[in-house]
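See structure below.
Every read-out reported here was derived from the displayed coordinates using simple, explicitly stated rules and does not represent laboratory data. Note that the structure is predicted; figures quoted are calculated from it, not measured. Using ideal geometry, Cβ is built from the backbone for each residue, glycine included, and neighbour counts are taken over all protein chains shown.
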Amino acid sequence: MRCPRLVRTLLAGITLSVLGSCTAPGQPQVELRRSYRKQEVMIPMRDGVRLFTSIFIPRDASKQYPILLRRTPYACRPYGEDAFPQGLGNQQARYVREGYIMVCQDVRGRYLSEGEYANVRPVLTERNGPEDIDETTDTWDTVEWLVNNLEEDNGKVGISGISYPGFYTWMGTIGAHPAVVATSPQAPVSKWMAGDDFYHNGAFLLPHAFDFYSSFGWPRPRPTTEPNQRLDHGTPDEYAFFMEMGPLSNANEMYFHHQVAFWDTLTMNDQWNDYWAARNILPHLTDLKPATLVVGGWFDTENLFGALNSYQAKEAQSPGVVNTLVMGPWYHGGWNSSRGDSLGAIAWGSATSLFYTDSIEGPFFDHWLKDGPDPELPEAYVFDTGVKEWRRFDAWPPPEVQDAGLYLQDGFHLGFEAPGAVSRAYDEYVHDPAHPVPYTAQTVTWYNRAFMLEDQRFASRRPDVLTYESEVLTEDFTVAGPIRVSLVVSTSGTDADWIVKLIDVFPDTLEMGAGNPGPVPLGGYQMLVRGDVLRGKFRNSLAEPEPFRPGAPTPLAFTLQDAFHTFQAGHRIMVQIQSSWFPMIDRNPGVFMDIFQASEADYHKTTQRVYRSPGQVSALTVKRLR
């Protein structure tokens, strides 16, 4: 079967049914109805609100089974005790085969659950009565009901979920019920405004927020099984759609009409403040008891930040507790909704998603919930996207890495040593918000989920993209960990975005069929390894934006998320710098202002300079693994 899309694939990997997304190609079909019975209940919370919960229980009553819980805002479909999903994701199919009680719950205020919904409901640090609730108390009350009302369970509960359900998984791990012994937060929402979903370093991820909330964010006045209304974009071309929409200030007038509350919330909170701080889960990952398996994809635009940073937060704040990081070559949720044998033009040489399910996640939950054998997982199980193999490490980043500099040099050269004498101290380009650099070469698309490893030749040939390239490598160069960007820049305006991309340039002589799954030739391919953005006004603080002084050289620094990639001998390393990545990042008008309030008249061409002389060094610092 083919997987239907939910919100134009922005929610790829988010489950479409009570148990999972549709069956990944090559996975054996599981006849759920034959081996399971279904029960639907309204579980009471401590404040009296009842949450709709679907429970799938093995028909074989001769055994007792562990419970695997998923809490979601995306609907526990199909509804009705005689309604069973037609297809299962990789993970769910395995747990059905192995015998687990599968539980799905509509979170408070969504679909058939009672109460009021809150986006990333803050964790309460004080509770004075039953009216003081959050997602941790709702999870506790749910687990308490399950272990006291199901006769078939063995008393052990696991929690798992991808993306928003990954956030709810962390909430169930915080102050966990004693029956919760293992959880797996996967691509979890963690710290909006900084690096998850809708903001990266203060820059707004336009299609993520717009398309997500054009479907997800409409009001729900009463419990319902009906899906959210969908916005008809009128065109499959997202670049054209958003250019036609114009400034962000047009979104309400043209589409939302102030009926999508969270869009208005985004527009009123365009910098870090108490609202965002209250929704940062990372400080709350302290003194956690359950074993955790934190999962993410190297090519996940939405929540790569959440996977890496929540893992690190638990590692630092809950020492001594099992905490394993798994990072594979996947888009958002791809480990559940695909075989994982390729992404875009790049083949991985194996079905990485099936390996993950059968050899990592499945044995993890079997061990903790069913007293199965210890799978002896390492601290970090990570996939090298350059040589295409899994590696095991005792820590992430590996302790043996060393800092290595990639320096911008004269003549658009990228070198491993700081620059010497130069013919000119800077390189420059003109940024025109009327003709922004696209984030993908696909001209007709709604979110190209493979853009994070897409061939960047379409960008390197533009005059408003600076491209620096190394000599051909004589030995492998492996990057393992975060990538620090340090630039000296200037703009003729008072604000500018700075997009920095680290790229693997394949040999021109690479032949057709050498490592690619389709008709795309990989000779000279410029594979995006990691790229991200800094909105310049936030260069020193997300809470206190500052204008640029026009034309003044200004240092700025930010971190690209971790990568694990070997640039092989015979390849080159490339760095690209640009000031638009449209429409993935909304257009910066070049003016220091609240961009949500900008009009078309506020958008201006600006001249950007990147300095790379001995006195004004611009470089990327990577963690090199030898």
Fewest first, what order do VAL189, VAL430, VAL123 take by the number of other Cβ atoms within 10 Å?
VAL430, VAL123, VAL189
Relative contact order of region 523-566, defined on C-alpha pairs under 8 angstrom at six or more residues apart (%)
40
ALA441 long-range amide H proximity, modeled H, under 5 Å
none
For region 341-397, report the translational diffusion coefficient in µm²/s to the nearest whole number, using Stokes-Einstein at 37 °C, 0.692 mPa s, and a Kirkwood Rh over Cα pairs.
260
Label-point separation in nm, ARG46 to ASN540, each point 7 Å along Cα→Cβ:
4.4
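So if we plug the beta-carbon distance of HIS604 and SER350 into 1/(1 + (r/R0)^6) with R0 = 56 Å, what FRET efficiency do we get, rounded to 0.05?
0.65
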Defining a contact as two alpha carbons under 8 Å apart and six or more residues distant in sequence, what relative contact order in percent does region 492-626 show?
31
Pairwise over distinct Cα atoms, reciprocal of the mean inverse distance: report the Kirkwood radius of region 380-432 in Å, one decimal place.
14.8
Residue by residue, what Karplus-based ³J(HN,Hα) values in Hz, rounded to whole numbers, does region 183-192 have, using 6.51, -1.76 and 1.60 with θ = phi - 60° and x for Gly and Pro?
9, 9, x, 10, 6, x, 5, 9, 8, 4
Helix-only mean residue ellipticity at 222 nm for the chain, each DSSP H run of n ≥ 4 adding -39500 (n - 2.57), per residue, nearest 500:
-4500 deg cm²/dmol
Rank these for me by crowding, ARG535, ARG50, going from fewest to most other beta carbons within 10 Å.
ARG50, ARG535
Taking only the alpha carbons of region 402-625, the radius of gyration and the largest Cα-Cα distance, Dmax, both in angstrom, are 17.4, 51
What full-extension length gain, to one decimal in nm, is calculated for GLU400 and ASP287 as 0.36 nm per residue of separation minus the Cα-Cα distance?
37.9 nm
Taking the Cα atoms of the chain, what is the range of coordinates along each of the three principal axes, in descending order and whole Å?
80, 52, 45
In nanometres, what is the gap between the two model label sites at ASN252 and LEU124, each 7 Å from Cα along Cα-to-Cβ?
3.1
What are the equivalent ellipsoid semi-axes of region 556-626, built from the alpha-carbon gyration tensor (square roots of five times its eigenvalues), in whole angstrom, biggest first?
32, 17, 12
Residue separation between VAL430 and ALA316 times 0.36 nm, minus their alpha-carbon distance, gives in nm 36.7 nm
Along principal axes, largest first, the alpha-carbon spread of region 280-412 in whole Å comes out as 60, 33, 29
Rounded to 0.05, the calculated FRET efficiency for the beta carbons of LYS388 and ASN269 at R₀ = 35 Å is 0.25
Once normalised by the length of the chain, the mean sequence separation of its alpha carbon contacts under 8 Å that are 6 or more apart gives a contact order in percent of 15
Between ALA557 and ASP476, Cβ-based FRET efficiency (R0 45 Å, step 0.05) works out to 0.95
Note the full-extension length gain between ALA278 and ALA83 as 0.36 nm times their separation in residues minus their Cα-Cα distance, in nm to one decimal.
66.3 nm
